[in-house]
1. So residue 110 clears everything in (1) at positive phi; (2) surrounded by 17 or more Cβ atoms within 10 Å (Cβ to Cβ); (3) out of contact with any helix residue (DSSP H, G or I) (no Cβ under 8 Å at 6 or more places or on another chain) except one condition, right? Which one?
2. I need the helices (runs of 4 or more DSSP H) fully contained in segment 193-294, keeping only those with at least 2 residues that are in contact with a strand residue (DSSP E or B) (Cβ under 7 Å, 6 or more places away or on another chain), in contact (Cβ under 8 Å) with a residue 60 or more places away in the chain and closer than 17 Å to residue 137 by Cα.
3. Can you spot a residue in segment 97-108 that is over 18 Å from the mean Cα position of the chain (by Cα), free of Cβ contacts under 8 Å to residues at least 60 places away in the same chain and in a loop (DSSP other than H, G, I, E, B)?
4. Determine which single condition residue 187 fails, assuming it passes every other condition in (1) buried (at least 23 other Cβ atoms within 10 Å of the Cβ); (2) over 19 Å from the mean Cα position of the chain (by Cα); (3) in a helix (DSSP H, G or I).
5. For segment 43-62: of the residues being in a helix (DSSP H, G or I) and in contact with a helix residue (DSSP H, G or I) (Cβ under 8 Å, 6 or more places away or on another chain), which is surrounded by the most Cβ atoms within 10 Å (Cβ to Cβ)?
6. Out of the residues in segment 168-181 that are touching a residue at least 24 places away in the same chain (Cβ under 8 Å) and over 23 Å from the mean Cα position of the chain (by Cα), state the one that is farthest from residue 148 (Cα to Cα).
7. Starting from residues that are closer than 23 Å to residue 45 by Cα and touching a residue at least 12 places away in the same chain (Cβ under 8 Å), keep the ones in segment 70-96 and report whichever is farthest from the chain's Cα centre (by Cα).
8. Counting just the residues of segment 134-152 that are touching a strand residue (DSSP E or B) at 6+ places or on another chain (Cβ under 6 Å) and farther than 14 Å from residue 51 by Cβ, which one comes out surrounded by the most Cβ atoms within 10 Å (Cβ to Cβ)?
């Protein structure tokens, strides 16, 4: 396994208001894709990329996320007594997959602030950031693709990019730059959610980043921006104007699990990969299409 990056930050302190009332008492990150919490899929991607230490930026009332990656002694005991050893081993694998360390973001001051909260645990080394709303299904883990570009290009920061329709650019951070190769560009301009018609390109920033340690110094000096929050995009813009920043058009399919329709699409896509569910689900979908609805 390649071990190009050892540590990653996974922000998980948001309130998940777009999924109320489901998220009134359940963290958005624990909402399942079929039967696996979204955040587990994110951390599985990090582990598949060789990352060993996961820095979870958590918030008040979301301790269940930490519990999910802990050992459930009582549950494992019950499963053992009932002879459900495969289920027991699957639960233990979740606990053993990575070294998960949680730290609180005590105030909702923005994504940039959430990343900065992990500064002391990152130390003086490059690190990845994986956002829980973005699920990437790819042969090569999305964050590993970025880590390879980071190493290949003298450890410059690398952010994931994806083409979106011009009509949707106001929903994303948008980057523009000069092409280095078919998938890589040197970023010259990056802006957070530009007003319709003002975007510098149709290349949207997706929630995967591999960043140099200098990023933390920049974030510490970044003033509140859009929405009165410390924006990671503003720090990336400063990085681009300084030592440089690359964008990488990743290979794979991205699902927006922070959007209701995107969340349903992700559930269908992941379910169709399950031999125990595929045929029944395809039959149901075919019937729905035939009738034009339920």
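1. The single condition residue 110 does not satisfy is (3).
2. Details: elements: 214-221, 232-241, 260-271, 278-291.
So the answer is 260-271.
3. yes
4. Single failed check for residue 187: (3).
5. First pass over segment 43-62, keeping only residues in a helix (DSSP H, G or I): 43-48.
In the following step, the residues that additionally are in contact with a helix residue (DSSP H, G or I) (Cβ under 8 Å, 6 or more places away or on another chain) were identified as 45-46, 48.
Working: 45: 23, 46: 26, 48: 17.
Among residues in segment 43-62 that are in a helix (DSSP H, G or I) and in contact with a helix residue (DSSP H, G or I) (Cβ under 8 Å, 6 or more places away or on another chain), the one surrounded by the most Cβ atoms within 10 Å (Cβ to Cβ) is 46.
6. 177
7. Here is the first cut: in segment 70-96, the ones closer than 23 Å to residue 45 by Cα are 70-72, 86-96.
Narrowing further to those that are touching a residue at least 12 places away in the same chain (Cβ under 8 Å): 70-72, 88, 91-92, 94-95.
Details: 70: 21, 71: 24, 72: 25, 88: 27, 91: 22, 92: 23, 94: 18, 95: 19 Å.
Residue satisfying both the conditions and the ranking: 88.
8. Initial filter on segment 134-152 (touching a strand residue (DSSP E or B) at 6+ places or on another chain (Cβ under 6 Å)): 134-137, 142-143, 146-147, 149-150.
Still in the list and also farther than 14 Å from residue 51 by Cβ: 134-137, 149.
On the way: 134: 21, 135: 26, 136: 23, 137: 16, 149: 24.
Ranking the qualifying residues of segment 134-152, first place goes to 135.
Rule-based calculations on the coordinates, nothing more; no lab input. Please read all numbers here as calculations on a predicted model, not as lab measurements. With ideal geometry, Cβ positions are generated from the backbone for all residues, glycine too; neighbour counts draw on all protein chains shown.
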